[in-house]
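These notes are about the structure you will find just below.
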Amino acid sequence: MAAPHDIRRLAFRTLFEIDAMARCDPPQDLDVQAWEATLGDSVEDPARFKRQDLDKALLLARTAFSERAKADDAMNLLAPLWPASRQAAVDRAILRLAFHEISRGLAPPKVAINEAVDLAKEFGGEKSPGFVNALLDKAFETLMGKTEASAVTGQADPAPDENAPPASLPPSP
């Protein structure tokens, strides 16, 4: 069985490919058989991947892609000047994969962030590691804030009262 790092790396590369094909006109689906056949060209040592490793990487990539809108929305809130459409394709795939792993509890957040930064160093541009790290740290803090608030109260964060004055103003007499 391959190491989680190797499976994540393969999932990232697959997610990148799925995203590229989805942007084609017309959009195309990933041809799994062709994907497997090209592993020898894209993976340093394809023999170390067993069938279950390939299945795990493919499932991780596909589920991250299917939930890309959630990741894109979260990143857009944190960096409105850098929506998914303006991000480098490599950075976008890394952010989507790591956000998916963090939000679904598939990997410890710090591990997912560190792995994402490593992928950005390997595949991204000069500024990619810092960009990925900053956004994922903010996303993690946001997710943790909601989780901690829910854990303390035993319920989801209450919706704000639209008619209530801002907290910084004293109540009116």
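Listed by first and then second residue, the pairs linking a residue in the stretch 79-94 that is within 12 Å of Phe131 (Cα to Cα) and free of Cβ contacts under 8 Å to residues at least 12 places away in the same chain to a residue that is of a type outside the set (Asp, Glu) and part of a loop (DSSP other than H, G, I, E, B), with Cβ atoms under 6 Å apart and 6 or more places separating them unless they lie on different chains, form an empty list.
In the stretch 132-152, the residues that are within 16 Å of Met75 (Cβ to Cβ) form Cβ pairs under 9 Å with partners that are among the hydroxyl-bearing types (Ser, Thr, Tyr) and modelled with pLDDT of 75 or more, at six or more places apart or across chains, as follows: Ala139/Ser103; Leu143/Ser103.
Rundown of residues vs (1) more than 15 Å from the chain's Cα centre (by Cα); (2) closer than 18 Å to His5 by Cβ; (3) among the aliphatic types (A, V, I, L, M), yes/no style:
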{"position": "Ala57", "(1), (2), (3)": "no, yes, yes"}
{"position": "Arg62", "(1), (2), (3)": "no, no, no"}
{"position": "Ala79", "(1), (2), (3)": "no, no, yes"}
{"position": "Asp91", "(1), (2), (3)": "no, no, no"}
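Residues that are at pLDDT 95 or above and not in a helix (DSSP H, G or I) do occur in the stretch 110-124, at least one of them. Restricting the stretch 1-30 to residues that are at pLDDT 65 or above and of a type in the set (D, E, K, R) leaves a set whose member that is surrounded by the fewest Cβ atoms within 10 Å (Cβ to Cβ) is Asp29.
Annotation: Leu54 fulfils all but one of (1) more than 26 Å from Phe131 (Cβ to Cβ); (2) modelled with pLDDT of 90 or more; (3) crowded, with 19+ Cβ neighbours inside 10 Å; (4) not polar (S, T, N, Q); the unmet one is (2).
Residue pairs whose Cβ atoms lie under 7 Å apart, sitting 6 or more positions apart in sequence or on different chains, and linking a residue in the stretch 47-73 that is hydrophobic (A, V, I, L, M, F, W, C) to a partner that is buried (at least 19 other Cβ atoms within 10 Å of the Cβ) and not in a helix (DSSP H, G or I), are Phe49/Ala2.
For beta carbons closer than 6 Å, sequence separation of 6+ or different chains, a first residue in the stretch 117-130 that is of a type in the set (Lys, Arg) and a second that is surrounded by 12 or more Cβ atoms within 10 Å (Cβ to Cβ) and in a helix (DSSP H, G or I), the qualifying pairs are Lys121/Pro129. The listed residues are Ala84, Ala69, Ala74, Ala89, and the only one of them that is touching a Ser or Thr at 6+ places or on another chain (Cβ under 9 Å) and within 20 Å of Ala22 (Cβ to Cβ) turns out to be Ala74.
The values are calculated or read from the model by the stated rules, or taken from the named source; none is laboratory data. Computed from a prediction, not measured in an experiment: that's the story for all the values here. For neighbour counting, all protein chains shown are included, and Cβ atoms are generated from backbone atoms with ideal geometry for every residue, glycine included.
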